[in-house]
Amino acid sequence: MEHFRLIAAIVLSLAVFLIYDLVFVDRRDIPPPETQREAVEETRDRPDIDETRPQPISERPDLPEQTFETITIHTPLYEAEISEMGAALRRLDLNEYLEHTGQDSPRKAMIPRENSLGTGLVGISGTEEPLYRQAFATDFEGSSLSVEGEPATLSFFWQSEDGLVLEKRYTFHPDRYNIDMRVVVRNESDSIADRDLTILMTNPPPPDKRRFTFSGPFVHVDGDLEEIDVKDIADNSSYSGTIGFAGLQDTYFMTTLIPRTPADTSVMLDEDPSSGMLRIAYQQPLDLLAPGSQVHHDFHLFMGPKKLSILRDFGQGLDQVVNFGIFSFIATPALWLMNFIHDNVIANFGVAIILLTLLIKVIFWPLGNKSYKSMAEMRKLQPLMMEIREKHKDDKRKMNEEVMNLYKTYKINPLSGCLPMVVQIPVFIAFYRMLYEAIELRHANFMLWINDLSAPDRLFNFDITIPIMAEPYGIPVLTLIMGASMFLQQKLAPPPGDPMQARIMMMLPIVFTFIFINFPSGLVLYWLVNNLVSIGQQYHINRRFS
């Protein structure tokens with residue numbers, strides 16, 4: 001009976017973990033021209049009060065001649081291209097992140113090449129043709145802009161036949177992933193203009209198909225983050241309320257539109273059937289524009305990594321996009337501590353995981369000693385328990401009563417041996433989510449063949465498909481060692497008296513090995529180190545109380 005409870009507790013713990021996964025989880029230096037410096041100073045000095053209220057038009061420069069060129073922007077963090085056709089962001093490649101771990105890897109593209117329209121598109125109601133198909137003019141002279149030290153600004157202009165002028169002003173920062181975008185609408189006609197403004201974000205659906213993290217569009221509305229599965233967009237296409245931000249994410253990166261001031265408005269989602277692009281349309285009604293007035297709205301375009309420290313520094317609740325699940329109160333401090341060890345002790349995230357695991361074992365050391373002591377005492381009772389089972393093998397009720405009396409006599413709690421595993425379940429799930437979503441581990445090298453702690457470990461690459469195993473196909477060396485450590489740990493535990501129970505217990509390391517075969521190598525490393533320390537602790541306790 002007591003061993004059945006032990007097995008039930010372990011199997012139940014495993015079931016909780018699996019059910020959680022299935023139910024709760026469905027990331028050339030050219031100095032700026034003088035005109036750009038003047039525009040930046042104008043942006044800094046402009047008051048923020050009543051920014052969206054119609055204002056008298058100040059004297060504006062004549063619209064420059066249209067040239068339909070592409071301007072390249074260089075910053076320390078990324079390289080971007082803006083086309084005068086639609087004044088759209090057509091390309092943005094991150095300097096510090098690569099697409100894969102190969103030596104020939106290109107930089108991470110936040111706007112994939114198949115997105116021919118680009119993103120950050122502006123629309124005005126009442127126009128016969130979408131603005132992203134129309135040419136904007138710019139007052140910038142040149143084909144390349146380098147942003148170093150100070151922000152720099154590019155302005156693009158478009159004018160309708162009925163006298164409506166739209167200015168789209170980008171401000172780039174040398175040390176930020178967010179691009180500021182101000183949209184100014186001027187009414188130069190003789191009648192009142194009643195128009196709606198739309199900001200359109202477009203990108204293909206995220207290619208990342210990981211089961212355990214969310215990839216797809218999201219909307220922050222009325223203080224809550226709504227994540228929308230791509231296949232459910234048709235049924236969840238409209239969101240109204242106070243919109244904080246909206247965008248598209250995969251496991252490690254996101255493209256997000258953030259109104260500078262959250263407003264009571266709406267966001268529409270759809271998928272373009274012709275191009276396959278996901279479209280996120282932020283709709284903002286403009287105030288009635290009297291002749292000779294203007295209005296402007298400010299936005300941020302964040303296109304970069306889902307790094308918690310960066311998102312928290314930005315503010316406006318953007319860090320909610322990084323979701324570690326119900327055990328985030330464990331995962332978030334663990335992430336901070338892992339980064340602290342990496343930045344201040346040793347610049348290797350694999351070693352940081354090992355040191356963090358050792359620290360957790362130290363915290364749980366007294367509980368482990370108590371548990372292993374109980375298991376050692378149970379081992380000493382095995383001969384007496386075998387006698388009871390043999391004597392009452394035909395009377396299960398009597399046998400269980402005698403076994404329980406034996407525990408009472410020697411003051412042993414048969415369930416205390418499974419406490420370490422039960423207590424570790426929340427820590428394991430927290431690590432599981434943190435190591436899956438922490439961009440710090442993406443392409444982080446550990447040692448030897450493990451060059452990406454966010455991916456499964458594979459020694460060699462096979463050209464054949466291996467059932468159960470996710471790509472790439474190879475030998476999961478670290479996972480096999482972890483399974484062997486679980487087997488050794490199982491051998492140190494008191495053997496169940498029932499042969500069937502013993503076989504079930506010996507199967508658990510095999511089951512866990514198959515479960516872990518596609519887990520990130522950083523998570524497998526944590527579990528392996530945890531097992532090895534537990535084996536040493538259990539061996540020490542067994543010798544002490546044998």
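The values are calculated or read from the model by the stated rules, or taken from the named source; none is laboratory data. Note that the coordinates shown come from a computational prediction; the quantities given were computed from them, not determined experimentally. Counting neighbours? That spans all protein chains shown, and the Cβs are built from the backbone with ideal geometry, glycine included.
Count of the range 214-232 residues, restricted to those that are in contact with a Ser or Thr (Cβ under 9 Å, 6 or more places away or on another chain), modelled with pLDDT under 90 and surrounded by 18 or more Cβ atoms within 10 Å (Cβ to Cβ), is 3.
Against the condition hydroxyl-bearing (Ser, Thr, Tyr) and within 30 Å of SER274 (Cβ to Cβ), how does THR213 come out, does it pass? In short, yes. Scanning the range 434-487 for residues that are surrounded by 14 or more Cβ atoms within 10 Å (Cβ to Cβ) and among the charged types (D, E, K, R), we see that the one that is farthest from ILE517 (Cα to Cα) is GLU440. Only one of the numbered conditions (1) of a type outside the set (Val, Ile, Thr); (2) under 27 Å from the mean Cα position of the chain (by Cα); (3) within 23 Å of ASN348 (Cα to Cα) is violated by TYR473, and that is (3).
Would you mind stating whether THR198 is of a type in the set (Val, Ile, Thr) and under 21 Å from LYS108 (Cβ atoms)? So THR198 fails the test. Within the range 331-377, being of a type in the set (S, T, N, Q) and part of a helix (DSSP H, G or I) holds for THR332, ASN339, ASN344, THR357, ASN369, SER371, SER374.
The residues of the range 143-172 that are in a loop (DSSP other than H, G, I, E, B) and crowded, with 18+ Cβ neighbours inside 10 Å, listed by number, are VAL147, PRO151, SER160. What about PHE462, is it modelled with pLDDT under 80 and in contact with a strand residue (DSSP E or B) (Cβ under 9 Å, 6 or more places away or on another chain)? So PHE462 fits the description; yes. Per the listing ILE360, ILE341, the residue uniquely farther than 24 Å from MET254 by Cα, of a type in the set (Val, Ile, Thr) and at pLDDT below 90 is ILE360.
In the range 124-150, the residues that are more than 30 Å from ASP287 (Cα to Cα) and in the same structural domain as SER160 (by TED's automatic domain parsing) reach residues that are at pLDDT 80 or above and among the small types (Gly, Ala, Ser) with C-beta atoms within less than 7 angstrom, at least six apart or across chains, in these pairs: LEU145/ALA152.
Counting only residues that are modelled with pLDDT of 90 or more and at positive phi, the range 138-169 holds 0 of them.
Between ASP194, ASP235, ASP175, the distinction of being surrounded by fewer than 19 Cβ atoms within 10 Å (Cβ to Cβ) and either at pLDDT 90 or above or under 24 Å from the mean Cα position of the chain (by Cα) (or both) belongs to ASP175 only.
Looking across PHE349, PHE329, PHE364, one residue alone is closer than 19 Å to PRO305 by Cβ and aromatic (Phe, Trp, Tyr). It is PHE349.
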